[in-house]
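The values are calculated or read from the model by the stated rules, or taken from the named source; none is laboratory data. All values derive from a computational prediction rather than experimental measurement. As a convention, Cβ positions derive from the backbone with ideal geometry for all residues, glycine included, and neighbour counts pool all protein chains shown. The area values use the complete protein model at the heavy-atom level, side chains included, leaving out ligands, DNA and RNA. Shrake-Rupley method; radii C 1.70, N 1.55, O 1.52, S 1.80 Å.
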Amino acid sequence: MKIYACVAEYNPFHLGHLRHIDYIKTNLSADKIIVIMSGNFTQRGEPAVLDKYTRARQAIIAGADLVIELPTVFATANAEIFATGAINILNSLGCVDGLCFGVESGEKDAYQTLAKALLDESKEFKKILKEKLDSGISLAKAKFETLCALNDEKYDKNLIASPNNVLGVEYTKAILKNKSGIAIFPMIRDGDHNDKTLKNGITSATSIREVLKTGNIKKVKKNVPPFVYKDLKNYPNAFDKIIMSAVMTASTKRLSTICDCTEGLENRIKALCKDNHSLDAFVEKVSTKRYTASRIRRILLSALLGISKDLIDDCLEDKLYAKVLAVNSNSKDLISLISSKSSIPLITRKSDVADLKKTALKCFEKDVLANDSYGLATDTKLNEHHMIIV
């Protein structure tokens, strides 16, 4: 049996995602598809348009066989942590043959070459990297420029030109670092990931969210499958005050324990939150060329959920779990297969949580908190221990 996987947010699920699943089934001839999907909060530090169970059900209807939640500590982190956490789970399942990810450009060999080179972080590499970061450029660009400064070899600069390409590099790095047998399959996407302009047919999730924020749901009817359209709601914005409150009550010392809140950024956040009570205005005020809006939002969300860098580091080092959100009724045998091969617990019911210890339990508790917070803000009741059979 050929089992392939993808990592996704589906925020929301659109026609481009449907094409991706069809590509894995048709072009890669996958027998089964496993999706590692973000929960109720995303890598941009924002709430998902729809709750994780609704999005997981949609993925199954679209052709996936099993949807596993990417733990909140990884789903709301930077690209390297996001990708490493996802690959760690896929490796632990013990049955995944390949990973297919959407990119704007680049062939398989180019991703492997760049990823392999980036894994060799010597003392000289770290020294030059610090100098590059001090100049105010992004981490991905800084690492690439450092690599180029140390080597004569030509690397594809386009591989760090978009968030999806960067994630592709990070997936490949994590696979190589773990000496995993998982093969990679980059798939060229349609359109620009960050384009806010709604296009006909396949368009970016960003453009769809921008429309949903205006409340004009009908406008995206032709951009999403019918089974997604009927579930769409206005973008959830009740988190703004909750997050602002969490930042106002957090001390600078506590903020400094959050991943990517470095170089005194906690002082800037505390100083500016008093005079900017609108979350969007606050994020815009704090953001700079060095500190992107997404990075700031991730820090603020981590303040709300109490996710520290130490906890993330522990979760990256330890064995965790695979929380099943949804399964195709015709693919329940996949759960049995994973149970027999996996090196981490498979959570399909409440009683399975009793097997979690130490770091895994702390990690799962953040998933529960994120789930309860989302339910509180959206006035919905979400059972963290639920598994949907579609």
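The table below gives the values:
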quantity	calculated
So Asp318, is it at pLDDT 95 or above, among the acidic types (Asp, Glu) and either over 22 Å from Leu133 (Cβ atoms) or over 23 Å from the mean Cα position of the chain (by Cα) (or both)	yes
Total residues in the stretch 18-31, condition open to solvent by 30 Å² or more (accessible area, probe 1.4 Å) and closer than 25 Å to Asp333 by Cβ	8
Complete set of residues in the stretch 305-319 that are crowded, with 23+ Cβ neighbours inside 10 Å and of a type outside the set (Val, Ile, Thr)	Cys315
Filtered residue count, the stretch 184-243, keeping only those that are surrounded by 13 or more Cβ atoms within 10 Å (Cβ to Cβ), among the hydrophobic types (A, V, I, L, M, F, W, C) and closer than 29 Å to Val169 by Cα	8
Residue satisfying all of: in the stretch 54-96; assigned to a helix (DSSP H, G or I) and of a type in the set (D, E, K, R); least open to solvent (accessible area, probe 1.4 Å) among these	Arg55
Subset of the stretch 283-299 that is in contact with a Leu (Cβ under 7 Å, 6 or more places away or on another chain) and more than 19 Å from Thr42 (Cα to Cα) - its residue that is surrounded by the fewest Cβ atoms within 10 Å (Cβ to Cβ)	Lys285
Flag if Arg57 is farther than 17 Å from Asn223 by Cβ, out of contact with any Phe, Trp or Tyr (no Cβ under 6 Å at 6 or more places or on another chain) and not small (Gly, Ala, Ser)	yes
Exclusive hit being assigned to a strand (DSSP E or B), open to solvent by less than 10 Å² (accessible area, probe 1.4 Å) and touching a residue at least 24 places away in the same chain (Cβ under 8 Å), set Leu114, Leu99	Leu99
Of all residues making up the stretch 312-328, the number that are in a helix (DSSP H, G or I) and either in contact with a Cys (Cβ under 7 Å, 6 or more places away or on another chain) or under 23 Å from Lys350 (Cβ atoms) (or both)	2
Qualifying residue in the stretch 36-53 (condition: crowded, with 21+ Cβ neighbours inside 10 Å, of a type in the set (D, E, K, R), out of contact with any Cys (no Cβ under 7 Å at 6 or more places or on another chain) and part of a helix (DSSP H, G or I))	yes
Of all residues making up the stretch 256-267, the number that are assigned to a helix (DSSP H, G or I) and crowded, with 20+ Cβ neighbours inside 10 Å	2
Cβ-Cβ under 7 Å pairs, at least 6 apart or on other chains, the stretch 198-222 side without any contact (Cβ under 8 Å) to a residue 12 or more places away in the chain, far side open to solvent by 40 Å² or more (accessible area, probe 1.4 Å) and not in a loop (DSSP other than H, G, I, E, B)	Lys221/Tyr229
Residues being at pLDDT 95 or above and in a loop (DSSP other than H, G, I, E, B) - total across the stretch 211-230	3
Checking Pro12 against (1) at pLDDT 95 or above; (2) part of a loop (DSSP other than H, G, I, E, B); (3) open to solvent by 10 Å² or more (accessible area, probe 1.4 Å), the condition it does not meet	(3)
Of the criteria (1) of a type outside the set (A, V, I, L, M); (2) under 18 Å from Arg298 (Cβ atoms); (3) within 23 Å of the chain's Cα centre (by Cα), which one Cys273 fails	(3)
Inter-residue pairs, beta-carbon under 7 Å, first in contact (Cβ under 8 Å) with a residue 60 or more places away in the chain and in the stretch 333-352, second among the hydroxyl-bearing types (Ser, Thr, Tyr) and surrounded by 11 or more Cβ atoms within 10 Å (Cβ to Cβ), 6+ apart	Ile335/Thr348; Ser342/Ser92; Ser343/Ser92; Ile344/Ser92; Ile344/Tyr321
Some residue of the stretch 188-197 being part of a helix (DSSP H, G or I), at pLDDT below 95 and hydrophobic (A, V, I, L, M, F, W, C)	no
Condition met for Lys357 (over 26 Å from Ile61 (Cβ atoms), more than 19 Å from the chain's Cα centre (by Cα) and among the charged types (D, E, K, R))	yes
Filter result (at pLDDT 85 or above and either part of a loop (DSSP other than H, G, I, E, B) or surrounded by 13 or more Cβ atoms within 10 Å (Cβ to Cβ) (or both)) within the stretch 268-280	Arg268, Ile269, Lys270, Leu272, Cys273, Ser278, Leu279
Lone unmet requirement of (1) in a helix (DSSP H, G or I); (2) in contact with a Cys (Cβ under 8 Å, 6 or more places away or on another chain); (3) of a type outside the set (Phe, Trp, Tyr); (4) more than 22 Å from Ala293 (Cα to Cα) for Leu28	(1)
Residue match in the stretch 206-221 (condition: closer than 30 Å to Asp109 by Cβ and under 20 Å from the mean Cα position of the chain (by Cα))	yes
